[in-house]
Amino acid sequence: MIQHPMEQQAMPAALDAAALQRLRAWTGRSEEVHDDITAAPLRGWSATLDRTDAPPRPGDAVPPLGHWLYFLPQAPQGELGADGHPRRGGFLPPVPLPRRMWAGGRLAWQADTPLRVGDAARRVSRIESVSHKSGRSGEMVFVLVKHDVHNARGLALTEEHDIVYRGAPLPGATPPAPQAAEQQAPWRREIVPDPVLLFRYSALTFNGHRIHYDRRYVTEVEGYPGLVVHGPLIATLLVDLARRHAPGRFVRRFEFRAVRPTFDLHPFFVNGQPLADGRGVRLWAHDHEGWLTVQGALEFE
């Protein structure tokens, strides 16, 4: 399993023991959401990924990570925070740190009960843990959420979702040293993350987070140099790379971890290296300078 390379240090005053204890009280909370697995989101998803698949029909299996198009939070406009996300609290703990990102995840699919177009599905989510860490880039709170997605035939997939909340950049703070990525791979694709691609993915996933489409907000408020490419979009492109090179094979497991932000200012690359056993694939993405941004691993049935 891919681990978070963060150093455990003393808890800063901004999140003292009492504050962290209040956040940990969210551990064990659960919610159940229902949705209909319709074809229209999958058509838009294929177009956004630049695929030429036949339009999905009733009974077709949902491709891996396609479930991210469903069970979407739809908070009323008046309940959104300044960053475009729903205000803190409710199912997720009210972490008082301004930056919220998708840090990674681990997923497993069931071959005999996959999600299919036409299914009435439900997702049961549970907060597994709330933990605090501090590293060179400042303080962070990690929230681990487990999702079980069911259809009428049983459990379709299980997902562990890592969410990270981070403090604002500290004046004079030294960012973590970037990690060089491998530049040679048998599977490789160049991606141009223009604002249209980011808008389409945000629209498909009903993601109002302003870091993906509001250049003034992301540069002036959150301090990034450009629009942030969605971590789940890069993960989807990694799995899509494997699907392009191994069509028809059932994806049993996938895990990924965001290492470094990717911005819309330059093209980036998704890469794959099949393992000798014929079932596993090592996947990674890197930016135009060759720095590792996302790493992952996939296992076929």
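The values are calculated or read from the model by the stated rules, or taken from the named source; none is laboratory data. This structure is a prediction, so every number in the text was calculated from the model and none was measured. Note: ideal-geometry Cβ built from the backbone for every residue, glycine included; neighbour counts use all protein chains shown. SASA here: full protein model, heavy atoms, side chains in, ligands and nucleic acids out. Shrake-Rupley method; radii C 1.70, N 1.55, O 1.52, S 1.80 Å.
Applying a DSSP loop filter and a limit of 14 other Cβ atoms within 10 Å to the chymotrypsin sites (Phe, Trp or Tyr not before Pro) in segment 192-235 leaves Phe206. Surface composition of the chain: carbon and sulfur atoms hold 53% of the protein heavy-atom accessible area at a 1.4 Å probe. Converting the Cα gyration tensor eigenvalues of segment 203-254 into ellipsoid dimensions via √(5λ) gives semi-axes, longest first, of 31, 11, 8 Å. Comparing Cα centroids, segment 148-194 and segment 243-301 end up 10 angstrom apart.
Largest accessible area first, the residues Asp119, Asp112 order themselves as Asp112, Asp119 under a 1.4 Å probe with ligands, DNA and RNA left out. Largest GNM mean-square fluctuation across Asp264, Asp162, Asp50, computed for the chain with C-alpha springs under 10 Å, falls on Asp50. Of His209, His85, the residue with the largest accessible area leads and the full order is His85, His209 (1.4 Å probe). Taking only the Cα atoms of the chain, the ratio Rg/Rh comes out at 0.94, with Rh defined as the Kirkwood radius.
Rounded, prolate or oblate, given the Cα gyration tensor of segment 118-223, with a/c below 1.5 counting as rounded? Intermediate results must be reported in sequence, preceding the final value.
On the way: a/c = 1.64, a/b = 1.36, b/c = 1.21.
Prolate shape, in that a/c is at least 1.5 and a/b is the bigger ratio.
Helix-only arithmetic for the chain: the sum of -39500 (n - 2.57) across DSSP H runs with n ≥ 4, divided by the residue total, places the mean residue ellipticity at 222 nm at -4500 deg cm²/dmol.
Using Cα pairs under 8 angstrom and six or more residues apart, how large is the relative contact order of the chain, in percent? Don't jump to the answer; show the numbers that get you there.
Values: 608 pairs, mean separation 56.5, N = 301.
After rounding, I find 19 percent.
Taking trypsin sites (Lys or Arg not before Pro) across segment 13-81, none is in a DSSP loop with at most 11 further Cβ atoms lying within 10 angstrom of its Cβ. Rolling a 1.4 Å probe over the heavy atoms of the protein chains gives the chain an accessible area of 48 Å² per residue.
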